[in-house]
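Presented below is the structure to which this report refers.
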Amino acid sequence: MKNRLILFFSFLCSLTLFSQEVKHSFSLQEAIVYALENNRNIKNADLSILAAKQQVWETTARGLPQISGNVDYTFNVVRPIEPEPDDPFSFFFPKHQLTPSVRLNQLIFDGGYIVGLQSNKVFLEISQNAKDKTINTIETNVVSAYNNALLTKESIEITKNNIKVLSDNLEETKKVFENGLTEEEDVEQLQLTLSSLQNNLRSLETLSDISKGYLKILLGIGQNETIELTDVLESLVIENISLNLISDTHQVNKNIDYKIAANDAESKRLEYKLEKSDQLPKINAFVNSSYLGISESFSTFSKPEQPWFFSTATGLNITFPIFSSFGGKAKRQRAKIEWDKAKNNLIDTEHQLSIEFKNAKNEYQLAIDTYGNKQKNLALAEKIENKNTIKYKEGIASSFELRQAQTQLYSSQQEYLQAIIDVINKKAALKNLLNIK
């Protein structure tokens with residue numbers, strides 16, 4: 001009975017641990033979609049947009065009616081004179097005075113408020129463009145991180161297969177050597193190659209954990225959770241070869257960096273306009289209603305017979321600058337200088353992006369051409385290695401020649417996989433520049 005209870009609780013614990021383990025599997029496109037929904041930087045960008053909307057309303061509300069309440073209480077500790085009962089001067093020198101009031105303020109004219117309303121649209125655009133920039137960056141980083149993790153995964157599979165083939169060759173060579181039909185150097189050459197492959201495998205397995213860890217951060221996944229990559233590099237590269245993208249005409253004003261620079265120029269123009277608006281008068285209207293209660297005893301205020309004097313006043317408040325020791329002029333000139341700098345930066349951004357477009361297209365075309373070249377080189381390296389393996393088994397080629405062919409094959413395999421990665425990454429970078437979703 002006791003053993004059954006132990007087994008039962010062990011089973012429950014294993015179920016609990018199993019249920020807590022979270023596994024994810026992603027294709028590249030699924031990883032991008034998941035990151036756009038769960039990446040914390042994008043979530044923060046959404047929160048920044050919400051904060052910007054609140055700030056827009058904060059600016060707008062400044063020109064809408066403002067109502068405030070106030071209660072003033074005065075206790076005259078020492079009075080100029082001590083009034084006698086029924087003395088009319090007691091009204092002027094009460095011991096206790098209570099004044100509750102309500103005030104309505106309404107902005108009539110303020111040049112700064114008008115500029116602030118004009119700035120609301122630009123302010124929201126800045127927040128939205130910042131989010132778009134974040135999305136582009138995260139998407140490009142996810143593509144790179146996914147590809148690096150996939151490169152490591154497929155490199156591990158290739159290396160394991162190479163180790164298996166080489167181990168079989170080594171065992172055969174050992175048997176031949178034991179029978180005195182080959183030299184010990186042949187065994188040592190194969191052992192040297194095998195040792196190098198095994199070290200490379202351990203390095204790749206460590207790198208696999210690191211690359212997946214970085215991908216988890218981008219996806220917003222906990223480090224204790226597991227992810228499985230479902231895409232295959234050779235399938236991805238076919239999907240990512242698009243010659244139409246190279247011939248596509250681009251519009252600089254669609255690029256997110258150009259939009260951000262244009263936002264900056266516009267915001268600096270409005271800041272200059274805001275400084276100029278300080279030269280205009282500001283007009284506010286108000287309505288103030290209050291009650292005045294006076295008494296010789298604080299407790300009297302709560303009694304029905306306590307007299308209260310009601311009053312209402314309305315008016316305008318007009319303020320205008322007269323002389324600021326040229327401080328206002330200096331602020332306007334500084335704002336104008338900042339606006340001129342922002343316009344120059346916008347022109348530089350446009351020219352820089354034109355160059356980056358050309359470079360990105362050239363690099364993408366070069367990556368496609370390199371991929372085709374590395375694909376042919378891999379086929380040749382496989383053919384050469386296969387021939388040298390046959391020659392070696394027949395005693396025609398030396399172990400040194402076989403090792404050279406094997407090393408060349410392993411190098412070609414990695415260069416081929418890296419060429420695939422470059423095609424996918426260069427396409428992602430080009431799409432980012434062209435702002436293609």
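The values are calculated or read from the model by the stated rules, or taken from the named source; none is laboratory data. Worth saying up front: this structure is predicted, and the values here are computed from it rather than measured. For neighbour counting, all protein chains shown are included, and Cβ atoms are generated from backbone atoms with ideal geometry for every residue, glycine included. With ligands, DNA and RNA removed, areas are computed over all heavy atoms of the protein, side chains included. Shrake-Rupley method; radii C 1.70, N 1.55, O 1.52, S 1.80 Å.
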Confirm whether L218 is under 20 Å from the mean Cα position of the chain (by Cα) and either of a type in the set (A, V, I, L, M) or farther than 18 Å from I156 by Cα (or both). yes
Looking only at segment 313-325, count every residue that is at pLDDT 85 or above and farther than 30 Å from Y291 by Cβ and tell me the total. 3
From the list E415, E385, exactly one residue is over 30 Å from D264 (Cβ atoms), buried (at least 19 other Cβ atoms within 10 Å of the Cβ) and out of contact with any Cys (no Cβ under 6 Å at 6 or more places or on another chain). Which is it? E385
Within segment 280-312, count every residue that is open to solvent by 50 Å² or more (accessible area, probe 1.4 Å) and free of Cβ contacts under 8 Å to residues at least 60 places away in the same chain. 11
Matching residues in segment 316-333 - criterion: being free of Cβ contacts under 8 Å to residues at least 40 places away in the same chain and open to solvent by 80 Å² or more (accessible area, probe 1.4 Å): I318, I322, F323, S325, F326, K329, Q333
The residue that is most open to solvent (accessible area, probe 1.4 Å), considering only those in segment 184-225 that are of a type in the set (V, I, T) and closer than 18 Å to L28 by Cβ, is I217
Output the qualifying pairs, or none if there are none: Cβ atoms under 8 angstrom, residues six or more apart or on different chains, first residue in segment 227-242 and over 10 Å from I368 (Cα atoms), second residue β-branched (V, I, T) and assigned to a helix (DSSP H, G or I). L233/I420; L233/I421; E234/I420; L236/I420; L236/I424
Any residue in segment 347-360 that's closer than 11 Å to H250 by Cα and touching a residue at least 24 places away in the same chain (Cβ under 8 Å): show its pairings with residues that are open to solvent by 40 Å² or more (accessible area, probe 1.4 Å) and not in a helix (DSSP H, G or I) at Cβ separation under 9 Å, as long as the two are six or more apart or on different chains. L353/H250; S354/H250; F357/H250
Taking first residues from segment 426-437 that are under 17 Å from N148 (Cβ atoms) and second residues anywhere that are at pLDDT 90 or above and open to solvent by 60 Å² or more (accessible area, probe 1.4 Å), the pairs with Cβ under 6 Å that are 6 or more apart or on different chains are K426/E363
So which of I390, I420 ends up being hydrophobic (A, V, I, L, M, F, W, C) and open to solvent by less than 40 Å² (accessible area, probe 1.4 Å)? I420
Filter result for K374 (at pLDDT 95 or above, within 19 Å of E239 (Cα to Cα), open to solvent by 30 Å² or more (accessible area, probe 1.4 Å) and not acidic (D, E)): yes
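Give N148, N141, N136 a once-over and let me know the one that is under 30 Å from L430 (Cβ atoms), open to solvent by less than 40 Å² (accessible area, probe 1.4 Å) and either among the basic types (K, R) or in a helix (DSSP H, G or I) (or both).
Selected residue: N136, the only one of N148, N141, N136 that is under 30 Å from L430 (Cβ atoms), open to solvent by less than 40 Å² (accessible area, probe 1.4 Å) and either among the basic types (K, R) or in a helix (DSSP H, G or I) (or both).
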Counted residues in segment 316-368 being part of a helix (DSSP H, G or I) and closer than 22 Å to Y272 by Cβ come to 24
Flagged in segment 276-332 as touching a Lys or Arg at 6+ places or on another chain (Cβ under 6 Å) and polar (S, T, N, Q), in numbering order, are N288, T319
Output the number of the condition that A367 fails; it satisfies all remaining conditions of (1) open to solvent by less than 60 Å² (accessible area, probe 1.4 Å); (2) of a type in the set (A, V, I, L, M); (3) closer than 30 Å to I108 by Cα. (3)
Determine which single condition K175 fails, assuming it passes every other condition in (1) open to solvent by 80 Å² or more (accessible area, probe 1.4 Å); (2) basic (K, R); (3) in contact with a strand residue (DSSP E or B) (Cβ under 8 Å, 6 or more places away or on another chain). (3)
Under the condition of being open to solvent by less than 40 Å² (accessible area, probe 1.4 Å) and more than 19 Å from the chain's Cα centre (by Cα), which residue from segment 27-58 is farthest from I135 (Cα to Cα)? V56
